[in-house]
1. Putting +1 on Lys and Arg Cβ atoms and -1 on Asp and Glu Cβ atoms, find which of Leu257, Leu30, His83 reaches farthest to the positive end of the dipole of the chain.
2. Around Thr138, which amide H atoms from residues at least 5 apart in sequence, or from another chain, sit under 5 Å from its own amide H, with H modelled in the peptide plane?
3. Could you state the number of Å between the C-alpha centres of region 104-144 and region 1-32?
4. Is there a quick way to get the dipole size of region 42-142? I mean about its Cα centre, with the Cβ of Lys and Arg at +1 and of Asp and Glu at -1; what is the value in debye to the nearest 20?
5. Assuming R0 = 30 Å, can you tell me the calculated FRET efficiency for the pair Met1 and Glu71, based on Cβ-Cβ distance, to the nearest 0.05?
6. Work out the charge dipole of region 36-169 with +1 on the Cβ of Lys and Arg and -1 on the Cβ of Asp and Glu about the Cα centre, then indicate which of Gln52, Ile143, Gly110 is farthest towards its positive end.
7. Just list whichever of Lys11/Lys191; Lys150/Lys214; Lys14/Lys214; Lys191/Lys214 have alpha carbons separated by over 24 Å in the model shown.
8. Positive end of the charge dipole of the chain (Lys, Arg +1 and Asp, Glu -1 on Cβ, about the Cα centre): tell me which of Ile235, Val68, Ala130 has its Cα farthest that way.
Amino acid sequence: MTTLWIGTSWKMNKTLAEAREWAAGLREHLDSGTKESACPHASATSTLAGIQPFVIPSFTATTTVREVLGEESPVLLGVQNAHWEDAGAWTGEVSVPQAKDAGAQIVEIGHSERREHFGETVETTRLKVAAALRHGLTPLLCIGESAEVKDAGGSSGFILEQAQGALEGLTAEELARVVIAYEPIWAIGEKGRPATVEELVEPFAALGAQHSGKVAGLLYGGSVNLDNAAELLGIEHVTGLFVGRTAWQLPGYLELLRIASAVTR
Ligand code: PGA
């Protein structure tokens with residue numbers, strides 16, 4: 001059975017109290033699912049059969065969310081960025097070993113907001129993917145084209161190039177630890193509009209032809225909501241959702257987990 005990755009990045013949102021509340025609610029939900037299960041050997045994992053949940057808070061909340069979820073949590077924890085060097089004179093940056101030390105298991109790399117506002121390039125995404133792999137963390141590589149590229153008919157070529165540039169030179173074993181999230185810029189955030197299934201079939205066919213079965217996951221992100229989640233998960237080669245706004249309030253995230261578990265059944 002294919003594992004469906006269902007996760008959220010909180011971007012630059014949530015105080016520690018809000019982060020704690022979200023994580024505590026999720027843990028409670030998973031624990032209560034365990035208790036309700038008839039199986040005496042049930043664990044939180046069994047209520048999430050076929051699903052890999054993950055959450056990516058701001059750096060400040062990393063250890064708090066780790067503590068609240070617990071060390072044994074089936075929910076993977078990530079950071080939204082990390083530097084490619086392990087340590088040094090890089091004021092304002094956080095390294096992969098530091099993120100790992102704080103409890104992170106995933107490093108989000110190359111989100112379009114970082115490419116647009118913070119100078120992330122194909123080269124820096126390549127360096128960061130390598131750094132995450134070097135320290136045993138899962139790189140979550142985000143790729144996606146602008147509306148202009150899409151309108152010119154260049155979506156698939158553009159995203160394949162972004163992925164290829166970031167993953168260049170990796171061994172098959174390393175590639176198998178990478179997760180790719182395709183997030184078209186025109187579909188992300190308040191200014192974005194939800195993509196239709198028809199618009200996503202071709203880019204996922206292209207990504208699938210290149211990466212399906214070779215990477216740990218091929219996720220879709222951008223205006224995922226409770227109405228379109230199931231159909232997005234039905235697109236060929238899509239093995240998960242990377243969600244912003246809909247999952248920032250816990251009920252939304254729990255509903256997405258429920259939708260995904262109905263799909264895996
Ligand atoms: P959104 O954000 O779900 O709020 O559109 C998606 C993202 O930026 O990953």
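1. Leu30
2. The answer is Ile106, Val107.
3. Comparing the Cα centres of region 1-32 and region 104-144, I get a distance of 21 Å.
4. Numbers: 7 positive and 12 negative charges, 38 e Å.
Magnitude of the dipole: close to 180 debye.
5. Working: r = 26 Å, r/R0 = 0.87.
After rounding to 0.05, the efficiency reads 0.70.
6. Gln52
7. Listed pairs above 24 Å: Lys150/Lys214; Lys14/Lys214; Lys191/Lys214.
8. Val68
Laboratory data are not the source of any read-out in this text; all were calculated from the coordinates shown. Given the structure is predicted, the values throughout are model-derived calculations rather than measurements. Because the Cβ atoms are built from the backbone with ideal geometry, glycine has one as well, and the counts that use them run over all protein chains shown.
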